[in-house]
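Visitor: Let me begin by handing over the structure; questions about it come next.
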Amino acid sequence: MSYAEYRKKILGFIEDHEKWRKSTINMIASENVTSPTVTRAVASGFMHKYAEGWPRARYYQGCKYVDEVELLGVELFTKLFKSDFADLRPISGTNANQAAFFGLTNAGDKAIVLHTSHGGHISHMPFGAAGMRGLEVHTWPFDNEEFNIDVDKAEKMIRELEPKIVVFGGSLFPFPHPVKELAPVAKEVGAYVMYDAAHVLGLIAGGQFQDPLREGADIITASTHKTFPGPQGGVIIYKRFGETEEIARLQWAIFPGVLSNHHLHHMAGKALTAAEMLEYGEAYAKQIVKNAKALAEALAEEGFKVIGEDKGYTESHQVIVDVSDLHEAAGGWAAPLLEEAGIILNKNLLPWDPLEKVEKPSGLRIGVQEVTRVGMKEDEMKEIARFIKRVLIDREDPKKVEKDVFYFRRNYTRVYYSFDYGLPE
Ligand code: DSN
């Protein structure tokens with residue numbers, strides 16, 4: 001193949017991907033779509049620039065416009081999250097977590113985090129960023145019935161272990177974590193309280209989940225592309241949580257600790273997304289939660305075992321379904337079959353699954369933040385539940401369902417809750 005043919009092929013795959021994504025129902029709980037405005041920022045000349053360091057105190061020349069954007073971005077984020085500071089430099093959620101662990105702890109310190117099998121993120125684990133920092137990682141006691149951290153046992157654990165840091169938040173996250181109950185206990189033993197808001201940052205921005213900084217968290221780390229509908233990236237948001245030296249140490253951990261140059265085009269995209277969320281975030285987050293509840297109810301009516309019935313199924317963007325009764329390979333069977341039908345979501349371990357079931361876990365994790373952003377509401381959630389039933393319960397040919405998904409999906413071509421298109425009707 002000539003290099004020109006490589007070019008043609010690569011550009012062709014990108015086009016195919018974009019066309020395909022617009023013809024499918026994307027329900028990966030950790031993804032979203034950016035508005036045309038934000039997409040423009042990411043495809044801008046900011047991608048060709050080095051900055052390093054703080055606005056107006058850079059290690060590189062030529063940053064006069066970049067600096068203005070970053071300062072506006074910091075202003076928008078601190079307003080949105082009512083924080084004292086926001087650092088837009090981390091290039092991913094994991095990068096933000098890495099910086100937080102290096103900035104707040106020393107090797108050998110103890111941490112309490114949510115286990116991945118209970119929905120925690122890999123970067124919190126011994127084999128992830130926390131382990132790379134050399135932390136002694138302990139995991140929160142988990143109440144399967146409540147689908148949440150067990151507060152009484154956790155309180156005891158904090159007092160016994162006296163950790164240096166406790167971490168809330170995770171990837172399977174239907175209900176708010178008990179921050180206001182446990183943060184005071186963590187403070188008693190001198191621990192930092194970190195909240196990984198990667199999944200729920202947009203819900204927090206819209207005032208529809210919990211408010212970690214008001215509930216006792218010192219620092220929020222997050223990615224910027226899930227319910228917060230920005231470009232891929234990370235952010236660290238905090239109040240003045242300690243002495244100037246402690247804050248300086250965190251800032252040092254971000255730069256030059258875990259990154260040199262941040263991605264300036266993504267930084268600009270994050271800044272613009274924060275403006276979108278200040279304008280439309282409340283409406284967006286409200287509709288996400290309404291849609292998640294509507295989808296959960298519709299799936300339960302169609303005969304699925306949806307987690308959390310006695311608690312209203314979910315308070316976030318996530319709906320969790322146990323499909324272990326439907327097939328021996330459970331989620332490992334259901335997720336690829338749904339992909340054939342144009343419905344894209346993840347298989348997921350449920351808290352009671354043994355780790356060996358990682359390829360055939362009991363659960364499906366379904367996120368409604370993207371379908372909400374393209375303008376879908378409660379009625380469309382019922383339609384999506386019917387598509388899922390046709391594939392997984394009625395065992396219809398997924399290719400037949402895919403055709404109907406295609407015709408359904410093509411009505412949703414705009415990215416709402418944005419300055420480009422405003423609110424959906
Ligand atoms: N693990 C990813 C997810 O929740 O999908 C995020 O890093």
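Visitor: Name the helices (runs of 4 or more DSSP H) wholly within region 328-425 that hold at least 1 residues that are hydroxyl-bearing (Ser, Thr, Tyr) and surrounded by 21 or more Cβ atoms within 10 Å (Cβ to Cβ)?
Guide: Values: elements: 330-340, 369-373, 378-392, 398-409.
Qualifying helices (runs of 4 or more DSSP H): 369-373.
Visitor: Checking residue 315 against (1) part of a loop (DSSP other than H, G, I, E, B); (2) surrounded by 24 or more Cβ atoms within 10 Å (Cβ to Cβ); (3) touching a Phe, Trp or Tyr at 6+ places or on another chain (Cβ under 6 Å); (4) of a type outside the set (S, T, N, Q), only one condition comes out false. Which one?
Guide: Exception for residue 315: condition (2).
Visitor: Next up: Taking region 284-312 as the region of interest, how many residues are aromatic (Phe, Trp, Tyr) and assigned to a helix (DSSP H, G or I)? Step through it out loud before you land on a result.
Guide: Taking region 284-312 first, the residues aromatic (Phe, Trp, Tyr) are 284, 304.
So of that shortlist, the ones also assigned to a helix (DSSP H, G or I) come out as 284.
Residues meeting the conditions: 1.
Visitor: For region 38-66, which positions are surrounded by fewer than 16 Cβ atoms within 10 Å (Cβ to Cβ), in contact with a strand residue (DSSP E or B) (Cβ under 9 Å, 6 or more places away or on another chain) and within 21 Å of residue 236 (Cα to Cα)?
Guide: 50, the sole residue that qualifies.
Visitor: Testing residue 261 on (1) under 30 Å from residue 361 (Cα atoms); (2) touching a Lys or Arg at 6+ places or on another chain (Cβ under 9 Å); (3) of a type in the set (S, T, N, Q), one condition comes back false. Which one is that?
Guide: (1)
Visitor: Another one. How many residues does region 25-42 hold that are of a type in the set (Gly, Ala, Ser) and either within 12 Å of the ligand (Cβ to nearest atom) or under 23 Å from residue 404 (Cβ atoms) (or both)? I'd like the intermediate steps shown before the answer.
Guide: From region 25-42, those of a type in the set (Gly, Ala, Ser) are 29-30, 35, 41; that's our starting set.
This time we only want the ones that are either within 12 Å of the ligand (Cβ to nearest atom) or under 23 Å from residue 404 (Cβ atoms) (or both), so: 29-30.
Qualifying residue count for the region: 2.
Visitor: For residue 198, work out the one condition from (1) over 24 Å from residue 144 (Cα atoms); (2) of a type outside the set (Phe, Trp, Tyr); (3) in a loop (DSSP other than H, G, I, E, B); (4) within 15 Å of the ligand (Cβ to nearest atom) it doesn't fulfil.
Guide: Every listed condition holds for residue 198 apart from (1).
Visitor: Quick one: count up the residues across region 175-187 that are in a loop (DSSP other than H, G, I, E, B) and surrounded by 24 or more Cβ atoms within 10 Å (Cβ to Cβ).
Guide: First pass over region 175-187, keeping only residues in a loop (DSSP other than H, G, I, E, B): 175-178.
Still in the running and surrounded by 24 or more Cβ atoms within 10 Å (Cβ to Cβ): 177.
So the count comes out to 1.
Visitor: Touching a residue at least 24 places away in the same chain (Cβ under 8 Å), farther than 21 Å from residue 178 by Cα and among the polar types (S, T, N, Q): is that true of residue 148 in this structure? Steps first, please.
Guide: Values: touching a residue at least 24 places away in the same chain (Cβ under 8 Å): yes; farther than 21 Å from residue 178 by Cα: no; among the polar types (S, T, N, Q): yes.
The answer is no for residue 148.
Visitor: Now, a different point. Any idea how many residues of region 391-421 are basic (Lys, Arg) and touching a residue at least 24 places away in the same chain (Cβ under 8 Å)?
Guide: If we filter region 391-421 for residues that are basic (Lys, Arg), which is where we start, we get 395, 399-400, 403, 409-410, 414.
Keeping just the survivors that are touching a residue at least 24 places away in the same chain (Cβ under 8 Å) gives 399, 409-410, 414.
Of the residues in region 391-421, 4 are basic (Lys, Arg) and touching a residue at least 24 places away in the same chain (Cβ under 8 Å).
Visitor: Residues of region 220-256 being among the β-branched types (Val, Ile, Thr) and touching a helix residue (DSSP H, G or I) at 6+ places or on another chain (Cβ under 6 Å), which ones? I'd like the intermediate steps shown before the answer.
Guide: Let us first name the residues in region 220-256 that are among the β-branched types (Val, Ile, Thr), namely 220-221, 224, 227, 235-237, 244, 247, 254.
Across region 220-256, the qualifying residues are 220, 221, 224, 227, 236, 254.
Visitor: Right, residue 130: part of a helix (DSSP H, G or I) and modelled with pLDDT of 95 or more or not?
Guide: Values: part of a helix (DSSP H, G or I): yes; modelled with pLDDT of 95 or more: yes.
Answer is yes for this residue.
Visitor: Something else now. Contact list please: Cβ distance under 8 Å, first residue in region 327-352 and more than 26 Å from residue 23 (Cβ to Cβ), second residue β-branched (Val, Ile, Thr) and within 14 Å of the ligand (Cβ to nearest atom), pairs at least six apart or on different chains.
Guide: Correct list of pairs: 349/116; 349/358; 350/320.
Visitor: Quick check on region 79-90. Is at least one of its residues closer than 20 Å to residue 187 by Cβ and either part of a helix (DSSP H, G or I) or touching a Gly at 6+ places or on another chain (Cβ under 6 Å) (or both)?
Guide: No, region 79-90 has no match at all.
Visitor: Got a number for residues in region 111-138 being of a type in the set (Lys, Arg) and within 12 Å of the ligand (Cβ to nearest atom)? Break it down stepwise before answering.
Guide: Pass one, region 111-138, residues of a type in the set (Lys, Arg): 133.
Among the residues that remain, those that are also within 12 Å of the ligand (Cβ to nearest atom) are: none.
Selection size over region 111-138: 0.
Visitor: Can you tell which of 170, 190, 202 is over 21 Å from residue 78 (Cβ atoms), within 14 Å of the chain's Cα centre (by Cα) and either surrounded by fewer than 23 Cβ atoms within 10 Å (Cβ to Cβ) or at pLDDT 95 or above (or both)? Talk me through it step by step, then tell me what you get.
Guide: Working: 190 fails: within 14 Å of the chain's Cα centre (by Cα); 202 fails: over 21 Å from residue 78 (Cβ atoms).
Going through 170, 190, 202 in turn, just one is over 21 Å from residue 78 (Cβ atoms), within 14 Å of the chain's Cα centre (by Cα) and either surrounded by fewer than 23 Cβ atoms within 10 Å (Cβ to Cβ) or at pLDDT 95 or above (or both): 170.
The values are calculated or read from the model by the stated rules, or taken from the named source; none is laboratory data. Keep in mind it's a predicted model, so treat the numbers as computed, not measured. Cβ: placed from backbone, ideal geometry, glycine included. Neighbour counts: every protein chain shown.
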